[in-house]
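I have placed the structure first, in the form of structure tokens, so that the comments after it can refer back to it.
The values are calculated or read from the model by the stated rules, or taken from the named source; none is laboratory data. What you are looking at is a predicted structure, and each value in this text was computed from that prediction instead of being measured. Neighbour counts are summed over all protein chains in view; Cβ atoms, including those assigned to glycine, are modelled from backbone coordinates with ideal geometry.
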Amino acid sequence: MEVVETIEAMRQARRAFGRVGLVPTMGFLHTGHLALIRRAHAECEQVVVSVFVNPTQFAPHEDFESYPRNMDRDLALLASEGVDLVFAPASSTMYPAGYNTFVDVYGVTDTLEGAARPGFFRGVATVVCKLFTIVQPDRAYFGQKDAQQTVVIRKMVRDLNLPLEVVVCPTVREADGLAMSSRNAYLNATERQAAPVLYRALTAAQQQYLAGERDAGTLRDTMQQVLAHEPLAQPEYVSVADLHTLQELAWVGDSGALLSMAVRVGPTRLIDNIMLDASRAGAGSRASPR
Ligand code: AMP
């Protein structure tokens, strides 16, 4: 496995590759990241993984400095997955002195995570756009865990005519439903026990939807009620939004919806989501036992 830190070395390695799958990450890898890598392996000739904690997507008060990092462990995992190349640039390589160009995706970045974290998607779109032009992948793999990010990246790719395909992979969860995340490392034992409440809240609303409920306010109330039973959970937002526009819905129509939330569990901010798929609703209208 080749590990490169410069843009020149990345470009040179790319010239010898065929159909490349790129998996952008911020490192501190877990099974969710590995699922993206395995999918890329199945569909591409070479797999490139980028490991870069992107400073432009963190606000000054956020956790850029303390974000978990362990490059040695990440490289061992990536080697065991048979990854062809790891691109791990320094911040000064991606953003040299005088750097002053940013990508702003409008229309789908002012709600949910975009509203809670101003400037976040500007940082994400900018770094992903740069990674796309540096690595020049045929396909790029992203997790449904960051649902709004997938909408933003797809829109950027479409609007800027970037010549690649975006592939979105399902969220990988712990046995108790907690979505895997590098930030789960922040949770102490009590918080870790409380953290599956996000998934319980999402699945409670999903069950209600599958049983026929279409009022978005009722689904939001259900999620809030489940969260309210967990004293360590402080909801930041709970949303039932259109899958494409990410605007809040009053009613869930035939095109389904995105259930999502950001919740503080102790000091740690966790996000999670479930897609309500209208095509499954008919088959699943029997309420499952809980
Ligand atoms: P991150 O390192 O957190 O920036 O994540 C890198 C990529 O992995 C993003 O596309 C994430 O959406 C994806 N990812 C993170 N956690 C999960 C998960 N639990 N399941 C699937 N994909 C994930």
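Of the numbered conditions (1) within 15 Å of the ligand (Cβ to nearest atom); (2) aliphatic (A, V, I, L, M); (3) out of contact with any Phe, Trp or Tyr (no Cβ under 7 Å at 6 or more places or on another chain); (4) under 20 Å from Arg19 (Cα atoms), Val135 fails exactly one; give the number of that condition.
(3)
Which one is surrounded by the fewest Cβ atoms within 10 Å (Cβ to Cβ), of the residues in the stretch 126-141 that are closer than 19 Å to Phe58 by Cα and within 17 Å of the chain's Cα centre (by Cα)? Outline the logic, then answer.
Initial filter on the stretch 126-141 (closer than 19 Å to Phe58 by Cα): 126-131.
Then keep just the ones that are within 17 Å of the chain's Cα centre (by Cα); that gives 126-129, 131.
Numbers: Thr126: 22, Val127: 22, Val128: 26, Cys129: 19, Leu131: 22.
Here the residue is Cys129.
Please find, within the stretch 163-207, the residue that is farthest from the ligand (Cβ to nearest atom) out of those that are closer than 17 Å to Leu36 by Cβ and among the aliphatic types (A, V, I, L, M).
The selected residue is Leu164.
Here is a list of conditions, (1) out of contact with any Phe, Trp or Tyr (no Cβ under 6 Å at 6 or more places or on another chain); (2) without any contact (Cβ under 8 Å) to a residue 12 or more places away in the chain, and Phe121 meets all of them except one; can you say which number that is?
(2)
When the stretch 124-178 is examined, which residues are found to be of a type in the set (D, E, K, R) and in contact with an Asp or Glu (Cβ under 6 Å, 6 or more places away or on another chain)?
Let us first name the residues in the stretch 124-178 that are of a type in the set (D, E, K, R), namely 130, 138-139, 145-146, 154-155, 158-159, 165, 173-174, 176.
Hit for the stretch 124-178 is Arg139, nothing else.
Any idea which residue in the stretch 14-24 is farthest from the ligand (Cβ to nearest atom), counting only those that are closer than 16 Å to Gly82 by Cβ and surrounded by 16 or more Cβ atoms within 10 Å (Cβ to Cβ)?
The first filter runs over the stretch 14-24 and keeps only residues closer than 16 Å to Gly82 by Cβ, leaving 17-23.
Within this subset, residues satisfying the condition of being surrounded by 16 or more Cβ atoms within 10 Å (Cβ to Cβ) are 17, 20-23.
Values: Phe17: 21, Val20: 16, Gly21: 13, Leu22: 11, Val23: 7 Å.
Result: Phe17.
Return the residues of the stretch 221-278 that are among the hydroxyl-bearing types (Ser, Thr, Tyr) and surrounded by fewer than 21 Cβ atoms within 10 Å (Cβ to Cβ); say none if nothing qualifies.
As a first pass, look at the stretch 221-278 and keep what is among the hydroxyl-bearing types (Ser, Thr, Tyr): 222, 237, 239, 245, 255, 260, 268.
If the condition is that a residue be among the hydroxyl-bearing types (Ser, Thr, Tyr) and surrounded by fewer than 21 Cβ atoms within 10 Å (Cβ to Cβ), then Tyr237, Thr245, Ser255, Thr268 are the ones that fit.
Could you list, in sequence order, the residues of the stretch 140-162 that are away from the ligand (no atom under 14 Å from the Cβ) and either of a type outside the set (A, V, I, L, M) or in contact (Cβ under 8 Å) with a residue 60 or more places away in the chain (or both)?
Listed by number, the residues that qualify are Lys155, Arg158, Asp159, Asn161.
So that you can scan it fast, the table gives a plain yes or no per residue for (1) crowded, with 18+ Cβ neighbours inside 10 Å; (2) closer than 25 Å to Val108 by Cβ; (3) outside the structural domain of Gly256 (by TED's automatic domain parsing):
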residue	(1), (2), (3)
Arg158	no, yes, yes
Leu164	no, yes, yes
Asp176	no, no, yes
Tyr186	yes, no, no
Ala195	yes, no, no
Tyr199	yes, yes, no
Gln206	yes, yes, no
Asp215	no, yes, no
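Could you check, for the stretch 47-67, whether at least one of its residues is away from the ligand (no atom under 16 Å from the Cβ), within 27 Å of Glu165 (Cβ to Cβ) and in contact with a Phe, Trp or Tyr (Cβ under 7 Å, 6 or more places away or on another chain)?
Within the stretch 47-67, not a single residue is away from the ligand (no atom under 16 Å from the Cβ), within 27 Å of Glu165 (Cβ to Cβ) and in contact with a Phe, Trp or Tyr (Cβ under 7 Å, 6 or more places away or on another chain).
With the condition being of a type in the set (Gly, Ala, Ser) and at pLDDT 95 or above, I'd like the strands (runs of 3 or more DSSP E) fully within the stretch 191-290 carrying at least 2 qualifying residues. Before the answer, list the steps.
Numbers: elements: 233-241, 257-265, 268-276.
It comes to 233-241, 257-265.
For the stretch 27-45, state whether one or more residues are in a strand (DSSP E or B), in the same structural domain as Arg73 (by TED's automatic domain parsing) and within 8 Å of the ligand (Cβ to nearest atom).
Step one: filter the stretch 27-45 for residues in a strand (DSSP E or B), giving none.
No - not one qualifying residue is present in the stretch 27-45.
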